[in-house]
1. Which members of the range 203-225 meet the condition of being assigned to a helix (DSSP H, G or I) and either of a type in the set (A, V, I, L, M) or within 21 Å of the chain's Cα centre (by Cα) (or both)?
2. If you check Glu31, Glu54, Glu19, Glu80, which single one turns out to be within 21 Å of the chain's Cα centre (by Cα) and exposed (fewer than 13 other Cβ atoms within 10 Å of the Cβ)?
3. Pull up the range 182-231, narrow it to residues that are touching a His at 6+ places or on another chain (Cβ under 9 Å) and surrounded by 13 or more Cβ atoms within 10 Å (Cβ to Cβ), then point me to the one that is farthest from Asp261 (Cα to Cα).
4. Has the range 185-201 got any residue that is outside any helix (DSSP H, G or I) and among the hydrophobic types (A, V, I, L, M, F, W, C)?
5. Answer yes or no: is there a residue in the range 26-46 that is part of a helix (DSSP H, G or I), touching a Ser or Thr at 6+ places or on another chain (Cβ under 7 Å) and not hydroxyl-bearing (Ser, Thr, Tyr).
6. Look at Ser82 and say whether it is at pLDDT below 95 and not in a strand (DSSP E or B).
7. Give the number of residues within the range 274-309 that are part of a loop (DSSP other than H, G, I, E, B) and within 25 Å of His203 (Cβ to Cβ).
8. Test of understanding: among Leu161, Leu154, which residue is within 23 Å of the chain's Cα centre (by Cα) and closer than 22 Å to Arg279 by Cα?
Amino acid sequence: MSIEVATLDDPEEWNGLVERSAHATPFHRYEALDVIASYADADCYPFVARKGQEPVGLFPVFALSKGPFDIAASPPPNLEISYLGPAQFEHNGMKQRKAERRHRRFVDSVFDAVGEHIDPDYTHIRAGTDYPDPRPFIWNDFDTTPRHTYHVDLTLDTDDLFMSFSSDVRSNVRSAEDHEGHEITEGGQAAIARIIRNVEQRHAEQDVAYTVPPSFAADLFAALPEGTVRAYTCTDDGRFLGGLVTLEDDDTLYRWQSVADFDHEVAVSDVLDWELLQRASDRGIERVDLVGANNERLCGYKAKFNPTVRTYYSLERGSPLVDAAKTAYLRLR
């Protein structure tokens, strides 16, 4: 029996499938896809692949245009979404040969549908860390680039986790406990907007482009189920010192956007991250994705929390006009 692919426009059914897939992220939820499409000025195709009545995988793909070029992307550019792409379902007990054949047919069938609905000049996919096998994309003439992020294991005892950190993190956290006045609070849309505005300002000071509107993150908070998007703000007698915006599902928290005052006597980043890790552990989260281990300068900070390096894949394919279309895509980013 062949694999059939169709779009699924029922939010409840789509989200039920998202919750079944180990490859899915909070950005795969139907509400998030709606918000993303609006801000990316793109059309979303929430593809579902089925073999008979059995779901094989999900694959949301966004269609957008830049000049004369049609682009298919998952995720779309410009919104700092690290991963999206395919989300398969576990088929326990399936032998490797059959599992690989189903995986290949899933990818083939989705891109047949992408060709029919979008017919892109350029396609760019970035799959999550739980999507382990990019070979069906390679066999479909995609160029594959490994990328990296960090995961912190929260299944450890909290004291053991803390002692695994670098000595300067431990020292900074202990010193902050003696500093009166600073506090960390969890807020809503206003806190999220404040954090994103400060991230934008920090990028501007460094003459680096930053294109996430504060309203995008705030709209995700409003659209997604309670607790999916969280904002942690550090203040000292009311003065904003820094903040974190995160997303989470049942087992993984994504440290999405962050900013901190590096001139304050409290090591704001260290204190915020330790508080984040403790609260996530208390909620039963099993791991924190620090979202990115590709920038050498930032790796120096993130590695202090003794994380594990994880790989994900950036996948791209183009028509004979690919160079021009790729340039257009990169300009969008």
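1. His203, Ala204, Pro214, Ser215, Phe216, Ala217, Ala218, Asp219, Leu220, Phe221, Ala222, Ala223 - these are the residues of the range 203-225 that are assigned to a helix (DSSP H, G or I) and either of a type in the set (A, V, I, L, M) or within 21 Å of the chain's Cα centre (by Cα) (or both).
2. Glu19
3. Of everything passing the filter in the range 182-231, Tyr210 is farthest from Asp261 (Cα to Cα).
4. No; the residues of the range 185-201 include none that is outside any helix (DSSP H, G or I) and among the hydrophobic types (A, V, I, L, M, F, W, C).
5. So far as the range 26-46 goes, yes, one or more of its residues are part of a helix (DSSP H, G or I), touching a Ser or Thr at 6+ places or on another chain (Cβ under 7 Å) and not hydroxyl-bearing (Ser, Thr, Tyr).
6. So Ser82 passes the test.
7. Residues that pass the stated criteria total 7.
8. Going through Leu161, Leu154 in turn, the sole match is Leu154.
The values are calculated or read from the model by the stated rules, or taken from the named source; none is laboratory data. What you see is a predicted model; the values in this text were computed from it and never measured. All Cβ positions, glycine included, derive from the backbone under ideal geometry; neighbour counts span all protein chains shown.
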